[in-house]
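Just below is one structure, and these are the notes that go with it.
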Amino acid sequence: MNSAVMFLSNYIDWIKAFHVMAVIAWMAGMLYLPRLFVYHTEVAVGSPESEMLKQMEHRLLRIIVNPSMIAVWILGLTLAWVTGAYEDTWFQIKFVLVVLMSGLHGFFASTVKRFARDANTRSTRFYRIINEVPFLLIIGIVIMVIVQPFG
Ligand code: HEM
């Protein structure tokens with residue numbers, strides 16, 4: 001065991017606590033952004049409501065969603081490294097699901113930019129459906145971490 005791992009292993013519970021806090025902030029944003037997109041498709045391009053939604057989306061992405069995702073990744077990878085979780089099946093499945101979540105994050109970030117240019121072409125129905133995907137991923141991720149059904 002190298003000395004960095006030995007040092008960090010004293011703080012696993014603290015790292016876990018901050019990991020979960022960052023997860024809460026990231027997921028709050030991942031659940032709320034697509035809801036804002038639903039509202040955004042229902043207002044006229046150029047209206048004051050549309051301009052306000054652009055600002056809300058931009059701020060949510062910049063202030064909450066991007067920084068918390070970075071914190072989740074840094075803290076989560078530190079945990080995997082220090083605990084050796086990367087060798088376990090539950091972690092490997094969780095990792096795939098988290099990569100999918102991060103891809104969805106990228107899609108939401110590009111959607112914020114598309115709305116900002118008044119260039120959205122997708123329907124209300126599309127955003128209503130995509131709104132459910134983060135929660136489906138959360139179900140899988142939390143079951144992997146807590147229940148570890150596959151060991
Ligand atoms: C971004 C990449 C992520 C990595 C690399 C990662 C990795 C980890 C690791 C290694 C642990 C420690 C598990 C243990 O040994 O007890 C952990 C804990 C946890 N993770 Fe993540 N995680 C990530 C993202 C997420 C996400 C997106 C969620 C939820 C949607 C999540 C939810 C949790 C929860 C609830 C715990 C606490 C489990 C406990 O109480 O022991 N993680 N994570």
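The values are calculated or read from the model by the stated rules, or taken from the named source; none is laboratory data. Please read these numbers as outputs of a predicted model, since none were measured by experiment. Quick reminder, even Gly has a Cβ in these numbers, built from the backbone with ideal geometry, and neighbours come from all protein chains shown. When the accessible area is computed, the model is the full protein with side chains, heavy atoms only, and any ligands, DNA or RNA have been set aside. Shrake-Rupley method; radii C 1.70, N 1.55, O 1.52, S 1.80 Å.
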Find the centroid of the Cα atoms in the range 61-76 and in the range 17-33, then give the distance between the two in whole Å.
-> 8
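Using a 10 Å cut-off on Cβ atoms, rank the peptides 113-119, 74-80, 100-106 from the highest mean neighbour count down.
Values: 113-119: 12.7, 74-80: 17.4, 100-106: 15.1.
Put in order of decreasing packing, that is 74-80, 100-106, 113-119.
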Apportionment of accessible area to carbon and sulfur, the chain, percent (1.4 Å) | 68
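Show that you can apply the helix-only estimate: for the chain, add -39,500 (n - 2.57) for every DSSP H stretch of four or more residues, divide by all residues, and state [θ] at 222 nm to the nearest 500.
Values: 7 runs with 115 residues, N = 151.
After summing the helix terms and dividing by residue count, I get -25500 deg cm²/dmol.
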Estimate the FRET efficiency between residue 126 and residue 11 by the formula 1/(1 + (r/R0)^6), using the beta-carbon distance for r and 25 Å for R0, to the nearest 0.05.
-> 0.05
Using label points projected 7 Å from each Cα along Cα→Cβ, tell me how many nm separate residue 142 and residue 4, to one decimal.
-> 3.3
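Expected output is a single nm value to one decimal: the length gained when fully extending between residue 28 and residue 88, i.e. 0.36 nm times separation in residues minus the C-alpha distance. What is it? Provide the component values of the computation, followed by the final result.
Working: separation 60, 0.36 × 60 = 21.60 nm, distance 2.78 nm.
Fully extending the segment from residue 28 to residue 88 adds 18.8 nm.
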List, largest first, the extents of the alpha carbons of the chain along their principal axes, each in whole Å.
-> 59, 29, 18
Give the accessible surface of the range 3-146 per residue, rounded to a whole number of Å², with probe radius 1.4 Å and ligands, DNA and RNA excluded.
-> 56
